[in-house]
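One structure is given below, encoded as structure tokens.
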Amino acid sequence: MPDVPADLSPSPTADQAAETAGAAPATPDSADADAPTDPLATDPGGDAPATADAAANADGGGERERERLQRRDTVVAAGVGVGVLGVYLWTLLPGVGYSGDTAKWQFLGKVGGIPHATGYPLYLALNRVWVWAIPGGNLAWKVNLLSAVCGAAAVAVLYLVLRLVDVGRPVAVATAATFAFTGTFWSQAVVAEVYTLHILFLATVTACLVVWRRGGSNRWLLAAMGVYALSFGHHLTTGLALPGIVWLVWSQRHRAVTLRNAAFVAAAIALSAAQYLYLLRLSRTGPYHEATIDDLSDIVDYVTGGSFRDSMFNYSWYGLLVARVPLLFRFLREEYLVLLVPAGVGVWRGLKAGSELRDISIYLASLAVCTAFYVMNFDVPDVIVFCLPMFLALAVFLGLGLDTWVTWARQHWPDNARVSPAIGIGAALAATVLVVGAVDYNQASQRGETEDAERTEHLIAAAGHDAVLLTDDYHDSEFAWYYLLGEGEGKRRNLALANMVTPSHLRQYFTTRRGPVAAAAKRVKGTSSPPLYTASARQAVQAVAKGFTITEVAPEVWRIGPAQPR
């Protein structure tokens, strides 16, 4: 995670000095409220230092104070990340399960192959290194852990972003923790999925851009551009941040637009695109393929959407208004509910602030709006996970809004109150985190969820050796692939999988020895007619209805045979 740089870490401003003294902080609403100040640059009476030596001493003291705050924020960010990681570990999926995509990511990094579009070459490479480097635990748990670590790191970086936009430390901690325990992000941090790494990339890019826009050196801009280019090898919806990045860069074009920077960006783009060449290797070496990648034209087709292209931008304006806009607002209500009010206050504060914070707010607002537009035009069942960049931007605005409320509360706290402002406000912030976590726990937690794993293991045990496993839906197919490929049960037991099998496929196999079931049977060595087994009650019922022979060989495991002659 990026440290708060020594030259830009928040100085002990009037707000922070008042916070330390227990008094009401100054209101951060002036046009220059986002500009860092140095209280040590003047004497206690507010006059300039009387001598050059005094000025030098004051500057040195301010530098030491900024370094102290930098170290403190780095430690707090690490503490936030470790605390969140502890909760994620407690609620982590213990093995295979949750969804077909999760099972796929759990084995694909190890065995290689081509996943669904857009390919995710960077994630697959990281996945492969991760499962090799992490000792202990089963393969599925290791990849689940990768999501948890990336999620906790993203939350820690979010804390740093909040501090960089002058959100007070207690509010920044509470806001980052609240985002960590929102239902969608939490649910993706406890299973093998690509989204927490996606948000870690976006948060890191945002942190670097904020440092640069608030006066940081050019290296912060180059760091942002380098990480941003790298992230395109992971999740291409990172491109939704591009309009806001262009705005930020253009706002400081006098120091951003240089030949050196242009050359760096061009090189970063080339290296980012080169990541997708990894798919050519995976297509030739891995045993699992959802598409054929033979040349650059195949890569271009896959990267631009592949099979998902037909699900994009198909709604009319009327369809967007009556169907997709209400869906988007439902997602917002489910994720933040009443916290949308302080988030709105944060938008107002950011947009009315001085030029630095205003430009940063426009970048965040652009990310949220572009994400919303994309989500409304992408028709897939799990579309809510694509809202996460918007939820991240809203989390920053939430921090700004809560910080504004906290400032107001301190200024208006009754002198005769029995509870001090520090205790009262701290309790309110802690309650916010606890309520969000309690509301979202059942949706997000995967602790003790072993049903999918047990059902698949039961099927494999009942089938024994030299057999074909049958599935009739995507999720069960991926659960079976996890064990056959990822855990090596296919080779060890001489088992094959025929996935997404219908009764017509069974009829084709038993009558002509052709079709997907016959293809799977050929992969079973040493027998020309391996037995067929399923753990799907729906598939068994459909087979009976079509006249096939069904024998229950174990609880909820059936052997399917040819239809009996009438």
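Any read-out appearing in this document is the output of simple, stated calculations on the displayed coordinates, not a laboratory observation. Bear in mind that the values here come from a model prediction, so they are computed numbers and not experimental data. So basically every Cβ, Gly included, is an ideal-geometry build from the backbone, and we count neighbours across all protein chains shown.
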Report summary line: Gly137 neighbourhood, Cβ < 15 Å, K/R = +1, D/E = -1, net charge +1
Report summary line: The ³J(HN,Hα) series, computed from each phi in the stretch 426-437 with the Karplus coefficients 6.51, -1.76 and 1.60 at θ = phi - 60°, rounded to the nearest Hz and given as x for glycine or proline, is x, 5, 5, 5, 5, 5, 4, 5, 5, 5, 4, x
Query raised in the report: Whose amide H sits under 5 Å from the amide H of His289, counting only residues 5 or more places off or on another chain, with H placed in the peptide plane?
Result: Ile114
Query raised in the report: Of Pro531, Trp413, Ala480, which is farthest along the charge dipole of the chain in the positive direction, counting Lys and Arg as +1 and Asp and Glu as -1 at C-beta?
Result: Pro531
Requested in this report: Show the residues, 5+ positions off or on another chain, whose built amide H is closer than 5 Å to the amide H of Phe378.
Outcome: Phe313
Requested in this report: Across the chain, how many lysine pairs, 8 or more positions apart or on different chains, have C-alpha atoms separated by under 16 Å? Please give the number.
Outcome: 5
**Report entry** Interchain or long-range residues, amide H under 5 Å from Glu487's placed H
**Finding:** none
Report task. Please work out the Cα center distance from the stretch 229-261 to the stretch 120-175, rounded to the nearest Å. Result -> 23
Query raised in the report: So what are the ³J(HN,Hα) numbers for the stretch 242-259, from phi and the Karplus equation (6.51, -1.76, 1.60; θ = phi - 60°), rounded to whole Hz, Gly and Pro as x?
Result: 4, x, x, 5, 4, 4, 4, 5, 5, 5, 10, 4, 5, 10, 8, 8, 9, 4
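Determine the calculated [θ] at 222 nm for the chain from helices alone, applying -39500 (n - 2.57) to every DSSP H run no shorter than 4 residues and normalising by the residue count; nearest 500 deg cm²/dmol. Please list the in-between numbers first.
Details: 25 runs with 343 residues, N = 566.
My calculation for the chain gives -19500 deg cm²/dmol from helical runs alone.
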Query raised in the report: Out of the stretch 369-466, which trypsin sites (Lys or Arg not before Pro) are coil in DSSP terms and have no more than 16 other C-beta atoms within 10 Å?
Result: Arg418, Arg447
